[in-house]
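The values are calculated or read from the model by the stated rules, or taken from the named source; none is laboratory data. As the structure is a prediction and not an experimental result, all values here were calculated from the model. Virtual Cβ from ideal backbone geometry, glycine too; neighbours counted across all protein chains shown.
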Amino acid sequence: MSNKNKTEVIVVGAGPAGVSAAITLARSGKEVLLVERGDFAGDKNVFGGTIYTEQTAEIFPEFWKTAPIERAVSSQKIFMLTDNSSVQFEYKYEGEANAYTVYRSKWDKWCVLQAQKEGAFFAPKTLVKELILDNGKVVGIDTGMEKFYSDIVIIADGVNSLLAKQLGLRNKIKDKDVSLSVKEVIKLPKEKIEDRFLINENTGAGCKILGGPLKDMMALGFMYTNKDTISLGFSAGIDDLKKHKIIPYELLEQLKNHPSILPYIKNGVTVEYSSHLIPEGGFNSIPKIYDNRVMIAGDAAMLVNNVHFEGTNLAMLSGRLAAETAIDALNRQDFSASVLSDYYKKLQNSIVMKDLETHKNTIDVLRKNIHALTSLYPEFACEFFDILTSADSIPKKVKYNNFMKKFIKHKGISSSFPLLVYVLEKCIKK
Amino acid sequence: MNINEKLSTLKYNKDNESHLSVDNDKCMRCKDKVCTYICPANVYEWNEEKCIMTIRYENCLECGACKIACESENITWHYPKAQYGVKFKNG
């Protein structure tokens, strides 16, 4: 940097969005300062979760050869739970993995190291108190101890984005637009994990869990396999947690102790507990993500596709597109909102906005049918398997009739079939 | 596994000052006191005798749920100062 406290671009937050922005800028020979409040990148970061191959490889080609990954996901499982039974579907595949499990503390640190190698300046232990404004325009950041100035600031400070809020670009987040996620990392011998999830030495499983203790809420459980731990948790809409007066860590215990989940984690030792918010409002909750001299990326911009459980990929892509827009603006020496509006157009032409728009009403449809989805579907699925497989003295015809009667009686379930049709149609159109 | 056992898996660097605060008068009028059950680290506890909210800020996981859930928008929520607060070894 020519002047100690002035650089071309400041990126706030060294998560997937921020690091992607920083490395893209550095590769173009631009001056970039990446600031992070944690002691190192990843120190404060939490996710489910997985990173996705394609968008990650666009930033870090062949990352799987050198990055600290845990397992290549080769099995996707869906659990439909009732209170004491379950139906499980599994999709297994060979070949190149679409996603990898990672520990954020190791992964984020590695990503930032790559950005530093490419020329980005990294300032950890740096909490931005507020943005510095000049005539309403962002000109830098204030840490309370020091001020740094730049032509452009990219805000990638995560779901709580106090900086986007300072700019008035974000309204108060509605509690239905945010989920609270709690998670435990549970340690087990490597071989036990591979046996229980039917995976190989380097492959892994990703599981989504519906119903059971999570019924009648916009809630989803998850399990991911790391090398010698399992990440198990759930996320649930804050509005639903309030409505049912849920104590999150008690619900987590109920999920852990469900008879269909417990065998996976039995005798495991919890080595870490964590919580995190997920922006789940989708397309309709996205704030204005650019203005004069500023752009917002990743969770701070609410760019999460919760229908498909995607976040880190959209963060990386949005960070890269913000950086590409910044590079263009720097080349033109024009940092106005009209030039930076190109960032929004780039997002619209990418899967970020395309997918979020596809699902802009899906969440409301799911919410309306949440009882059917999380209570009735699992119950009927389990009952169906029970009829199919149990031998007793009741004639089959009586069983079928009872099943059909119950099925028809539940207006909730028959009226919620349009839900499946709706989601499928959405995916087929376009 | 209770909440204290869960929290004991975490490393914290405790600040002497709280990064969270509330207006106790507003809390007194608040019926539901959502923060007292929705916080995943059990940070908030209403002290009926003293009519104050006990805030165990040193256990905070820095998720932000309390601030969004609070009905009366009564939680002043900042990140802990740099180098303080929770540290995730896995994440």
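In the range A:223-242, the residue that is surrounded by the fewest Cβ atoms within 10 Å (Cβ to Cβ) out of those that are touching a Gly at 6+ places or on another chain (Cβ under 9 Å) and under 19 Å from A:His371 (Cα atoms) is A:Phe234. Output the residues belonging to the range B:32-46 that are part of a helix (DSSP H, G or I) and more than 7 Å from every other protein chain (Cβ to nearest Cβ). Matches in the range B:32-46: B:Cys35, B:Thr36. Taken together, the residues in the range A:243-291 that are part of a helix (DSSP H, G or I) and within 13 Å of chain B (Cβ to nearest Cβ) amount to 13.
Screening the range A:50-129 for strands (runs of 3 or more DSSP E) wholly inside it with 1 or more residues that are more than 22 Å from the chain's Cα centre (by Cα) returns the ranges A:69-81, A:86-92, A:121-123. For beta carbons closer than 8 Å, sequence separation of 6+ or different chains, a first residue in the range A:300-322 that is crowded, with 24+ Cβ neighbours inside 10 Å and a second that is of a type in the set (Phe, Trp, Tyr) and assigned to a loop (DSSP other than H, G, I, E, B), the qualifying pairs are A:Gly311/A:Phe47; A:Thr312/A:Phe47.
Filtered by the rule that a residue be more than 19 Å from A:Asp364 (Cα to Cα), more than 19 Å from the chain's Cα centre (by Cα) and not in a helix (DSSP H, G or I), the range A:201-242 gives A:Glu201, A:Asn202, A:Thr203, A:Lys227, A:Asp228, A:Thr229.
One line per residue, one yes/no per condition, for (1) under 30 Å from A:Trp64 (Cβ atoms); (2) β-branched (Val, Ile, Thr):
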residue	(1), (2)
A:Lys137	no, no
A:Gly140	no, no
A:Gly144	no, no
A:Lys147	no, no
A:Leu167	no, no
A:Val185	yes, yes
A:Lys208	yes, no
A:Gly211	no, no
A:Ala219	no, no
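Contact annotation: residue pairs with Cβ atoms under 6 Å, 6 or more positions apart or on different chains, pairing a residue in the range B:41-52 that is among the aliphatic types (A, V, I, L, M) with a partner that is in a loop (DSSP other than H, G, I, E, B), are B:Ala41/B:Cys60; B:Ala41/B:Leu61; B:Val43/B:Arg56; B:Val43/B:Cys60. If I ask for residues that are acidic (Asp, Glu) and either at positive phi or outside any helix (DSSP H, G or I) (or both), which ones from the range A:370-397 would you list? Of everything in the range A:370-397, just one residue is acidic (Asp, Glu) and either at positive phi or outside any helix (DSSP H, G or I) (or both), namely A:Asp392. Flag not set for B:Asn24, criterion: in contact with a Gly (Cβ under 9 Å, 6 or more places away or on another chain) and surrounded by fewer than 18 Cβ atoms within 10 Å (Cβ to Cβ). Kindly indicate whether A:Ile10 is outside the structural domain of A:Phe234 (by TED's automatic domain parsing), among the hydrophobic types (A, V, I, L, M, F, W, C) and either crowded, with 20+ Cβ neighbours inside 10 Å or under 16 Å from the mean Cα position of the chain (by Cα) (or both). Against the criterion (outside the structural domain of A:Phe234 (by TED's automatic domain parsing), among the hydrophobic types (A, V, I, L, M, F, W, C) and either crowded, with 20+ Cβ neighbours inside 10 Å or under 16 Å from the mean Cα position of the chain (by Cα) (or both)), A:Ile10 qualifies. Restricting the search to the range A:136-162, which residues are touching a Phe, Trp or Tyr at 6+ places or on another chain (Cβ under 6 Å) and not β-branched (Val, Ile, Thr)? Answer for the range A:136-162, where residues must be touching a Phe, Trp or Tyr at 6+ places or on another chain (Cβ under 6 Å) and not β-branched (Val, Ile, Thr): A:Gly140, A:Asp151. Of all the numbered requirements in (1) away from every other protein chain (no Cβ under 14 Å); (2) closer than 25 Å to A:Asp108 by Cα, A:Asn135 misses one, and that requirement is (2). Across the range B:64-81, what is the number of residues that are buried (at least 20 other Cβ atoms within 10 Å of the Cβ) and at the interface with another protein chain (Cβ under 7 Å from one of its Cβ atoms)? Result for the range B:64-81: 5.
Within the range B:24-31, is even one residue facing another protein chain (nearest Cβ under 9 Å) and either under 21 Å from A:Leu180 (Cα atoms) or in contact (Cβ under 8 Å) with a residue 40 or more places away in the chain (or both)?
Checking the range B:24-31: not a single residue is facing another protein chain (nearest Cβ under 9 Å) and either under 21 Å from A:Leu180 (Cα atoms) or in contact (Cβ under 8 Å) with a residue 40 or more places away in the chain (or both).
Of all residue pairs spaced 6 or more apart or on separate chains, those with beta-carbon atoms under 6 Å, a first member in the range A:164-175 that is in the same structural domain as A:Ile154 (by TED's automatic domain parsing) and a second member that is modelled with pLDDT under 90 are A:Ala164/A:Arg170.
Taking the listed residues B:Glu58, B:Glu49, the one that is at pLDDT 95 or above, away from chain A (no Cβ under 14 Å) and in a loop (DSSP other than H, G, I, E, B) is B:Glu49, with no other qualifying. Looking only at the range B:27-59, residues that are more than 17 Å from A:Leu241 (Cβ to Cβ), surrounded by 18 or more Cβ atoms within 10 Å (Cβ to Cβ) and touching a helix residue (DSSP H, G or I) at 6+ places or on another chain (Cβ under 6 Å) come to 2 in all. Every test in (1) buried (at least 18 other Cβ atoms within 10 Å of the Cβ); (2) within 12 Å of chain B (Cβ to nearest Cβ) is passed by A:Lys172 save one, and that test is (1).
Being surrounded by fewer than 24 Cβ atoms within 10 Å (Cβ to Cβ), closer than 25 Å to A:Leu373 by Cβ and hydroxyl-bearing (Ser, Thr, Tyr) holds for only one residue in A:Ser285, A:Ser275, and it is A:Ser285.
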